[in-house]
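Structure first, then comments.
The values are calculated or read from the model by the stated rules, or taken from the named source; none is laboratory data. For clarity, every value in this text was computed on a predicted model and none was experimentally measured. Glycine gets a Cβ as well: all are built from the backbone with ideal geometry, and neighbour counts include every protein chain shown.
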Amino acid sequence: MITDAIIANSPALLVMIPLIAAFACPFIGRISPAVRNIWVVGAMVLTAAMALLLAGEVFSSGTVVYTFGASAPGMSVPPDSGGIPVRIVFTVDAMSALMQIIGAITGLSIVLYSIAGDRRHTGLESYYTLYLLMIAGVMGMVSTGDLFNFFVFLEILSISSAGLIAYRIDRGVAVEAAVKYFVLSTIGAMVILVAIGIFYGEYDALNIAVIASRMQFTLLDQVALVLMIAALGMKCGAVPMHFWTPDAYSMAPSSITAMLVVASQASLYGLFRVVFTLYNVTLNAATVGWIIIVLGVLSMVVGVTMAIPQKDVKRLMAYHAISQTGYMLLGVGVGLAVLGNQSLLDAFGYVAMEGGIFHIINHAMYKGLLFLTAGAIFYRIGTRNLNRMGGLGHNMKYTMVFFVIGALAIAGIPPFNGFASKLMIYESVFMFNPILSIIAMVVSILTLASFVKVFHSIFMGPRLPEYADVKEAPAPMLIGMGILAAVVVLFGLFPGVVVDHLIEPAAQALVNQGAYISAVMGGA
Amino acid sequence: MDLIASLYTGSGYWNPLVWLIAIVVVFVIVYLIWSRGESGYKKGTLQTTPFISGNPEPEKSGVHVPGGNLYWGYTEALKGYYSRLVPLHTGRLNDYLLWYLGVTAIIMVVVVVTA
Amino acid sequence: MLVFGTIPYLVIVALAVIGLATVALKRNLIKIFLGITIFESAINLFLVSLGYRDGAVAPIFTDAPSTEMVMATPQALTLTSIVIGVATTALLLSFAVLIWKHYGTVDTDKIRRLKE
Amino acid sequence: MKMSKIVRTGANILYPLVLIFGLYIVLHGHLTPGGGFQGGAVIATGVVLVIVANSYEAVTGMLQKVVFKAQESIGLLLFIGVAAIAITLGLPFFYNFLANSGSIFGLSVPFGPNHGDLNTAGLIPIMNIAVGIEVWGGLTVIILSMLSGLDRKEA
């Protein structure tokens, strides 16, 4: 049956569809812009469908293993290979499936938004080509079970992101942001490649499961671990390696900024995958856990305090993105710090990890929504400077509603989704270390304060004469924002369902290293 | 599927639907109190204009507070913190890279020493 | 021979330090990009020397004498890394062209319109 | 700026040779060192040779960016498309269904040291050709874009 074939091949199709669509985009674009838009949206819908199909498969029947070029997708260990996987293997467990869902929902709403929002620019064929490459990069990064393949998708992602950050040249300033982002991410990716080389030299393998099953935590492994933590931490924007984040986020087109948030979280996924699946209990859990916690707390505090005095609305939101990444690092770091101690893990470790992972998906939704509203405002009034805005609530009512939903969610106000994940983090971290929990709550209050400022200066106040005839954002942009807003509200209203069915399997998949190894290696 | 599942956080639970019901109840009570108030004010008279100590009401666009003026007191109070933190964001590519290398070195020392 | 086998790794460390120092300390964008290329070469050399075996032949199946071959996988990795490096360098250099056009300089001290 | 006549003539004579050498590397990618990327890079070097020997203005009529962009996309589509054919046959992505099949590039490789046969290895030579086309187009587009960027230099 054709549906069986599609489900069986969905991990490959997930990467293949965006790639084919991307490379065909220059040809399709020559026909007419309308056909190109339909093509891009169609490709994105198909990709999202694949991601959801695959996620359904993973959550119902466990980890999916897909071997490229083998005689059957499940044959990760060929009979004549001596018991090791020799081919590139995609290993999609619950954590990967969760990240794919994030990529699918965000990607789809961004592409709908882009069709209206970036209509006025030239060179849109290249824009959509690079955008679809970004999607392929994210999907590949979170699906792959092979370290070198991870590096390749990481580079695909950062090259296409850099191209898109510089897309709107803006008298060279966007190019400056792109240079800063790209130099740092290139160095980071190469450092990751050094770590991969160390693993290859030591364990003769590139497959994550094989390396995990042979892990010794020698001095070389410690060096590789540090290189990976620092590089991936830099790529997800943890303070004090966050300097590229506000530059790149503020200068990229808004739709791309929302996608860059997902890209950062794919790096965060890589960090968690390395720490939990590759090393798990072999590493010194307390030390590495505390390193991640310290990075998280620094990100939370520095991010939010730098955000408050900002005048550029997207730069302000970028600092908030750093601050929210801190919550994820804090939650998962606490889970890591008690790894190996089953009673503490049951008492609060799992809840902390679930809070951190739940925050990943929540953050992608509401931060994407906020960047899209900022983009809609920029689209209509042509400035990002908060000092020159005011009274737009009279003219852009839907945008204002979406902004309020996003702002309340990021500030952790019930009943939106940010509250649910932050509550899980507060309560579980309080049992680990009360001071950390109090810092997290203070940061949340400052976030609310900062968004009150943004809300006031953009939407409140009398109608300004220069914006008297500003119109509401066009319908496709509103639809894109609406999808994300709906997800924010739904996740906020039914957090129990989401946590039980999506988040808990993901946290279990991270902690349970043996299941990952046996899914690839078979038996054992 | 249990749609009204509560979220258990280890030391308690959270159920937004219960919270929503509570909010609705509170709003009903607020409305009941509000509806008992005096409704006999006269529109278009001094009763509906703001009272600014007898001064004339200023032009609407003149009272708009732009974003840059908000939280002036907050940044002023934390001047010692901000005057150290903000200059770290130099915008120089080399500094960005040095921070990254420095953090890598620190983590390296911590991990290798404690292993 | 221990000493002989260590030489490539010493070269790798030297190249990596030179590359990173160039990126971190030089203020000229073009020199920074050259530093990245040097660092990349260090990594490529590292990957290739991982698969090296003394006295082995290239891993080509045709007409090979039946002796040991060097490991082919690191060479494939190196090739992929070189390809990615070409794309990276090309993109960086075109950024440099654009920066020069709009800013009139390639000095990182002056390319600081985004800060704080 | 123009190079001397000797340089230009030399470049024009060398260009087809470079092209053939590049194509050789692409085609023999599965037998000898080299492959799609290396061969494509060699061919692109030939293009650079022509551009450097003549002036940029002289070659823009002959070498058009649109053509090379299309070529790049065709190469990539061919690569992914060939890999995707396996899915339609009910096999995993990238499965080498042509190898040992007896059709084009389908002879089986004899065991032990041998001289190598061009007509082996199934999909690998086809993918090498696809990558060769892509790299040829891609590198040429990069070079042409950079030259056109330098062309309109300000200040």
Show the residue pairs that are 6+ apart or on different chains and have beta-carbon atoms under 7 Å apart, the first residue being within the stretch D:88-117 and within 19 Å of A:Ala12 (Cβ to Cβ) and hydroxyl-bearing (Ser, Thr, Tyr), the second being outside any loop (DSSP other than H, G, I, E, B) and at pLDDT 75 or above. D:Tyr95/D:Ala86
Out of everything in the stretch A:319-335 that is over 14 Å from the mean Cα position of the chain (by Cα) and among the hydrophobic types (A, V, I, L, M, F, W, C), what residue ends up being farthest from A:Lys453 (Cα to Cα)? A:Val334
Let me confirm something: among C:Leu20, C:Leu34, which residue is within 25 Å of B:Ala105 (Cβ to Cβ), surrounded by fewer than 19 Cβ atoms within 10 Å (Cβ to Cβ) and more than 14 Å from chain D (Cβ to nearest Cβ)? C:Leu34
Number of the condition not met by C:Gly51 [criteria: (1) buried (at least 18 other Cβ atoms within 10 Å of the Cβ); (2) modelled with pLDDT of 85 or more; (3) farther than 17 Å from D:Gly34 by Cβ; (4) of a type outside the set (Asp, Glu)]: (2)
Return yes or no: is A:Gly496 surrounded by fewer than 23 Cβ atoms within 10 Å (Cβ to Cβ), without any contact (Cβ under 8 Å) to a residue 24 or more places away in the chain, in a helix (DSSP H, G or I) and away from chain B (no Cβ under 12 Å)? no
Condition met for B:Val112 (of a type in the set (Val, Ile, Thr), over 31 Å from the mean Cα position of the chain (by Cα) and surrounded by 10 or more Cβ atoms within 10 Å (Cβ to Cβ)): yes
So, in the stretch A:77-88, how many residues would count as being within 11 Å of another protein chain (Cβ to nearest Cβ) and either crowded, with 21+ Cβ neighbours inside 10 Å or aliphatic (A, V, I, L, M) (or both)? 2
Selected residue [buried (at least 23 other Cβ atoms within 10 Å of the Cβ), at pLDDT below 90 and not β-branched (Val, Ile, Thr)] from A:Gly117, A:Gly123, A:Gly103, A:Gly137: A:Gly117
Matching residues in the stretch B:31-73 - criterion: being away from every other protein chain (no Cβ under 14 Å) and polar (S, T, N, Q): B:Ser35, B:Ser39, B:Thr45, B:Gln47, B:Thr48, B:Thr49, B:Ser53, B:Asn55
Exactly one of D:Glu72, D:Glu134 is among the charged types (D, E, K, R) and closer than 21 Å to D:Ile20 by Cβ, and that one is D:Glu134
Across the stretch D:55-85, what is the total count of residues that are within 11 Å of chain A (Cβ to nearest Cβ) and among the hydrophobic types (A, V, I, L, M, F, W, C)? 10
Is there any pair with a first residue in the stretch A:188-204 that is at the interface with chain C (Cβ under 7 Å from one of its Cβ atoms) and farther than 13 Å from C:Val48 by Cα and a second that is buried (at least 20 other Cβ atoms within 10 Å of the Cβ) and of a type outside the set (Asp, Glu) whose Cβ atoms are under 7 Å apart and which are 6 or more apart or on different chains, and what are they? A:Met190/C:Phe39; A:Met190/C:Ile43
So for the stretch A:454-471 (the condition being in a helix (DSSP H, G or I), surrounded by fewer than 17 Cβ atoms within 10 Å (Cβ to Cβ), within 14 Å of chain B (Cβ to nearest Cβ) and within 24 Å of the chain's Cα centre (by Cα)), does at least one residue qualify? no
Considering only the stretch C:79-102, how many residues are within 30 Å of D:Gly34 (Cα to Cα) and either more than 7 Å from chain A (Cβ to nearest Cβ) or among the hydroxyl-bearing types (Ser, Thr, Tyr) (or both)? 12
Would you check if A:Thr67 is crowded, with 24+ Cβ neighbours inside 10 Å and among the β-branched types (Val, Ile, Thr)? yes
Would you point out the residue of the stretch B:1-30, among those that are more than 30 Å from A:Phe432 (Cβ to Cβ) and within 7 Å of another protein chain (Cβ to nearest Cβ), that is surrounded by the most Cβ atoms within 10 Å (Cβ to Cβ)? B:Leu20
Taking the residues in the stretch C:22-43 that are small (Gly, Ala, Ser) and closer than 15 Å to C:Thr108 by Cβ as candidates, determine which candidate is nearest to the chain's Cα centre (by Cα). C:Gly35
Kindly provide the set of residues from the stretch A:239-257 that are aromatic (Phe, Trp, Tyr) and within 7 Å of another protein chain (Cβ to nearest Cβ), ordered by number. A:Phe243, A:Trp244
Condition met for C:Phe46 (in a helix (DSSP H, G or I), at the interface with another protein chain (Cβ under 10 Å from one of its Cβ atoms) and either without any contact (Cβ under 8 Å) to a residue 60 or more places away in the chain or farther than 22 Å from A:Val194 by Cα (or both)): yes
What are the residue pairs meeting all of these: first residue in the stretch A:3-28, first residue among the hydroxyl-bearing types (Ser, Thr, Tyr), second residue assigned to a helix (DSSP H, G or I), Cβ atoms under 8 Å, and 6 or more apart or on different chains? A:Ser10/A:Met50; A:Ser10/A:Leu53; A:Ser10/A:Leu54; A:Ser10/A:Glu57
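Rundown of residues vs (1) buried (at least 24 other Cβ atoms within 10 Å of the Cβ); (2) touching a strand residue (DSSP E or B) at 6+ places or on another chain (Cβ under 6 Å); (3) basic (Lys, Arg), yes/no style:
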site: A:Ser185; (1), (2), (3): yes, no, no
site: A:Met190; (1), (2), (3): yes, no, no
site: A:Thr218; (1), (2), (3): no, no, no
site: A:Leu232; (1), (2), (3): yes, no, no
site: A:Lys235; (1), (2), (3): yes, no, yes
